[in-house]
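Novice: Quick one: the structure is below, questions incoming.
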Amino acid sequence: MTEEEILQHLQELLTPRRRQLFEQVLTNRTNFFTVATQDVYQLHNTSAVIRSCDVFGIQNIHVIEERMPKRIDKEIAMGAQKWVDVQRYSATKDCLHTLRKKGYRIVATSPHEDAVMLDDFDISTPAAFFFGTEREGLSQEILEEADSTLKIPMVGFTESLNISVSAAIILQSVTEKIRRSNLPWRLSAAEKFQIELAWTKKTIKNSDQIIERFHNS
């Protein structure tokens, strides 16, 4: 029994509207950009960043839990990552290594004066946007490893934004730009298939048992 046969069987249990919605959302999904968070303490902020990834079509988020391990367990149990794939790391270096191996530029979000303004950010190659803790920002390790730093233009007295707000602003800007470009930002057919299979399994109650019965039929 192939994965294609499993998906076809499970799709028979979905409404036409749900199948159409999956197809529509997958058309706008991307792995061209991705997001990484480092030791974000407030659970609601992690959840909000994951939701922003979903809203703006980012399929993967990379969560570093070096100083605060297992912080997102509750959020995962509540299904915050149902439509977005959460990759978890216990060490910053492992996350950096993985993303570089996948061909991503490391982009640190920072209010520093030498950072590139959001409107001037180069979207031509894949990038991983790193967001730090609410109080301390990103670690020195990431700042030193980053290929570039990026900041949101601000003209008020406040010099920083909540991490979830920053992520939403940046993702809205860069995803809008790539969708208006000729860059190869869309998912491959293989990526779409695997994601659709995962979403379908998550949508159907007792999908594992249904697959087992189908396998034995």
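Novice: Check whether at least one residue in segment 158-177 is without any contact (Cβ under 8 Å) to a residue 12 or more places away in the chain and of a type in the set (D, E, K, R), and report yes or no.
Specialist: yes
Novice: Also: Looking at segment 17-46 only, could you name the residues that are open to solvent by 30 Å² or more (accessible area, probe 1.4 Å), closer than 22 Å to LEU187 by Cβ and part of a helix (DSSP H, G or I)?
Specialist: Passing the criteria: ARG17, ARG18, ARG19, GLN20, LEU21, GLU23, GLN24, VAL25, THR27.
Novice: Restricting to segment 102-118, name every residue that is within 21 Å of the chain's Cα centre (by Cα) and either more than 23 Å from THR175 (Cα to Cα) or open to solvent by 20 Å² or more (accessible area, probe 1.4 Å) (or both).
Specialist: LYS102, GLY103, TYR104, ARG105, THR109
Novice: Here's something else I'd like to know. Give the residues of segment 130-147 that are aliphatic (A, V, I, L, M), within 22 Å of ASN45 (Cα to Cα) and crowded, with 20+ Cβ neighbours inside 10 Å, sorted by residue number.
Specialist: Of everything in segment 130-147, those that are aliphatic (A, V, I, L, M), within 22 Å of ASN45 (Cα to Cα) and crowded, with 20+ Cβ neighbours inside 10 Å turn out to be LEU138, ILE142.
Novice: Continuing with this model, one more query. Looking at segment 138-163, which of its residues are among the β-branched types (Val, Ile, Thr) and assigned to a helix (DSSP H, G or I)?
Specialist: ILE142, ILE163 - these are the residues of segment 138-163 that are among the β-branched types (Val, Ile, Thr) and assigned to a helix (DSSP H, G or I).
Novice: Also: Mind counting the residues in segment 175-204 that are β-branched (Val, Ile, Thr) and either at pLDDT below 95 or in contact with a helix residue (DSSP H, G or I) (Cβ under 8 Å, 6 or more places away or on another chain) (or both)?
Specialist: 4
Novice: Please go through segment 164-199 and pick out each residue that is touching a strand residue (DSSP E or B) at 6+ places or on another chain (Cβ under 7 Å), part of a helix (DSSP H, G or I) and open to solvent by 10 Å² or more (accessible area, probe 1.4 Å).
Specialist: SER166
Novice: Still on this structure, please answer the following. Here's a check for you: in segment 76-95, which residue that is within 15 Å of the chain's Cα centre (by Cα) and in a helix (DSSP H, G or I) is modelled with the lowest pLDDT?
Specialist: That would be ILE76.
The values are calculated or read from the model by the stated rules, or taken from the named source; none is laboratory data. Source: prediction; values computed, not measured. Glycine also receives a Cβ, built like all others from the backbone with ideal geometry; neighbour counts cover every protein chain displayed. Remember, those area values only see protein heavy atoms, side chains included, never the ligands or the DNA or RNA. Shrake-Rupley method; radii C 1.70, N 1.55, O 1.52, S 1.80 Å.
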